[in-house]
Structures are given as structure tokens and as C-alpha cells.
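Just below is one structure, and these are the notes that go with it.
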Amino acid sequence: MAIAEQELLAASRRAYDLVFKSMVETACLKAARDLNLFGLLAAGPLPLDVLATRVEGVPLRLERLLVSLGQIGLVLRTEQGWALTELARHFFVVPANDPSLTMAPFADYMVDQLESYYLRLADVVRGNLDFTGVVPYPPRSRADSLFYETIHRSNVYFPIKLMRKHAHLEGVKHLVDAGGGIGDVAAALCKQFPDLHVSLINLPSAVDLVRENVAAQGLSERIIPVVIDLYRDEYPACDAVLFSRIMYPMSAQLCTMLCQRAFAALEPGGRILICDMIIDDSQHPNYDYLSHYLCAVGTDFSVLDFKPQSAYSGILQAVGFSQISHAAGYDHVLFQAVKPA
Ligand SMILES: C[S@@+](CC[C@H](N)C(=O)[O-])C[C@H]1O[C@@H](n2cnc3c(N)ncnc32)[C@H](O)[C@@H]1O
């Protein structure tokens, strides 16, 4: 096949995906979630008639939905009836068997907003509809924070893997984890670096959740949640500052401001670590981030931005850091640098 034709075929496949794939997958996933199929099949396979009774569905129609779900890899037909695939079992069953790697909270969140917001983006652009989150952001109550921290922790598995592999925290005694979530990242780092103690910065509504999570992991003595406003307040004096999945949506200007705060808190020789999901790979748009960015279409004020992540080198240098390095893996990137002694 001539090159031009190969390109045409690739473009045609992409166009097909845009029209059919996204719509079919979203529709099937929404139906599966609305019918609680993941919950009903979590304990094991069920025959069609039993499943149809449980979902109050018409067996023939349910079967066609299941066939479609089978085609996209979420269920399969077994001798005992319809069953979840490993993918569906791992990522969509609630409660998750691994809270650091599940799509269940995100799927709920997306499906809830689909009809009310995402499918009405033209109205949003025309100014006839604004984005209003189902739960206030920034979170105000414990329940608000629980909602968001459950979402944030649901895909922290791979960033933790990258940090455990590449973070230079040997000899670091006091790490400030700025916007540290529920404490899963801090806990994983403490388990790897026995000398590490962490001040975990978060909002007032989240600190009890952090306390409970680190207590459950036996780390109450080493991870202390502190109520500090990431954007306004000074950070505690320390020998390392981590921004894990905080800066990726921010403009270079806002990142510079946060790096300056870290610089001021660090003792000479102290380290800064910035871990982000990759959002600037032109071959692989980051749909997770794009789903949030689309929310910004419907708000008058937003800090969400698309900056090249290579900008961190210049930002860190301009703030005064040296020994700038970066590592990438698992769809994430980790920048590190040192405050000169
Ligand atoms: C995207 S999450 C990242 C969580 C964690 N670092 C991780 O990688 O999983 C952002 C975190 O920053 C916290 N946060 C948001 N605004 C904040 C503020 N103004 N001051 C302190 N923490 C804030 C949120 O409550 C949440 O825990």
C-alpha cells in the first residue's frame, strides 16, 4: 500500500473511533453502571434470566447489552452464565480490591455529569449552561473531601511506582508533601525510606481522613497532616518538598510561585520533587485531564492550562534550583532538583 493510502487508512480508523468507539464505550459503560451489572456479577457468574430479574430487565435486551459489553472486554459468557472479565473485576467493582487502581469512582463521577454537562457542551459554549460540580470544590466538609480523596487515590498506583523507583530521598528527614491527598503517597515513601517523616499539607476538611488513613497503616508518628493553604501560606522548614499531581494543570506562572514557596522552606541542599501525569504527549491526548479541562469551559475562572512539561527545567532554574533531573514512566513524569548549598 502506498504511504499516502496507509495514512488515509490510519486517519479513517481514527475518524471511526471518534464517531463509534467513544459513543459505544460510553453508552455501554453507563448502562452497565446504571444497571449495577458490576456489583451484581462481582460475586461470580449469573445466568441471563437471574441477572435479568435482578436488573428488572427484559432478558433478550439485556443479552444484547451483554454481548456488546463482551465485545468491548468487560464481560464474557461462561458455562455458569455471564461473568466479569479481569479488567472489569479490577477496575469497576465497588468496593475496589485495590483503592489505588480502580476506575469505579471516576466512572460514577463521569456518568453523573454526562447528561447534565458533557453532552451539552455547545450550550456551555453559548453561555447557556455553567459547570457546577456535584460536590463543591474546593471541598468544605469531611464528606466533600472523602469524595475527592477517594477519586484522587483511585489512580495513584503508577505515580507511586514511579516515585518509589526514582525519588532521591535517601538521607531526607523531613518531607513536606504539598497537597498530599489522603496520605497514600506519603505512606508508600515512608515504607521505602525508613528515616522519612512527613508534614502533609491539606485542607481542614481532609485532615481527619489523612489521620485515619495513616493510623491504619501504622504511620501516625511519621506522617502528620497540617492545615496550610498551599497557595497562600508558608511551608514548614524541611529538607524536601513534594508536589505530587498538583502542578500539571497549572500555568508556568503559578508553578513558579509554588516552587518559590518550596525554595523558601527548604534548607540548603534540600530537594524539590514534582510528579505529574503526562499531559503534553501530542500522540496520546490525556483524556483524564481533558475531562477536567472541559469542565473549565463552563466556568468563568479557571487555573487549568496546557503547558509543556519540559517547562519545569526552566522554572526550577529560574527559581534558583540546580541539579535538575527528570524521569518518566507509567505515563507520569518526575522532576527533581536541589537547592544549592
Ligand atoms: C489532585 S490531589 C493530589 C493528591 C496527592 N498529592 C496525590 O498525588 O494523590 C490535590 C490535593 O491538594 C489538596 N488541596 C487542594 N487545594 C488545597 C489548598 N489550597 N491547600 C492545601 N491543600 C489543597 C486537595 O485536598 C487534595 O488532597
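The values are calculated or read from the model by the stated rules, or taken from the named source; none is laboratory data. Quick caveat: nothing in here was measured; it's all calculated off a predicted structure. Heads up, the Cβs are rebuilt from the backbone with ideal geometry, glycines too, and the neighbour counts pull from every protein chain shown.
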Check your understanding: Only one residue in Ser310, Ser322, Ser282 is assigned by TED's automatic domain parsing to the domain that holds Val176, away from the ligand (no atom under 16 Å from the Cβ), in contact with a His (Cβ under 9 Å, 6 or more places away or on another chain) and not hydrophobic (A, V, I, L, M, F, W, C), so which one is that?
Key -> Ser310
**Study point:** Candidate set: the stretch 286-311, residues that are in contact with a helix residue (DSSP H, G or I) (Cβ under 7 Å, 6 or more places away or on another chain) and either part of a helix (DSSP H, G or I) or at pLDDT 95 or above (or both); chosen: the one farthest from Tyr137 (Cα to Cα)
**Key:** Ala311
Review point. Do we find a residue being within 21 Å of the chain's Cα centre (by Cα), within 19 Å of Arg271 (Cα to Cα) and more than 11 Å from the ligand (Cβ to nearest atom) anywhere in the stretch 217-225?
Key: no
Study note, to complete from the structure: Note: among Val241, Val226, just one is without any contact (Cβ under 8 Å) to a residue 60 or more places away in the chain and either of a type outside the set (D, E, K, R) or within 18 Å of Ala337 (Cβ to Cβ) (or both), namely Val226
Point to revise | Filter result (of a type in the set (Gly, Ala, Ser), free of Cβ contacts under 8 Å to residues at least 60 places away in the same chain and part of a loop (DSSP other than H, G, I, E, B)) within the stretch 84-113 | key: Ala96
Practice item. Return the only residue of Phe301, Phe335 being touching a strand residue (DSSP E or B) at 6+ places or on another chain (Cβ under 6 Å) and among the aromatic types (Phe, Trp, Tyr). Key: Phe335
Point to revise | Enumeration of residues in the stretch 155-186 that are within 12 Å of the ligand (Cβ to nearest atom) and either hydroxyl-bearing (Ser, Thr, Tyr) or farther than 20 Å from Tyr235 by Cβ (or both) | key: Asn155, Val156, Tyr157, Phe158, Pro159, Ile160, Leu162, Asp184
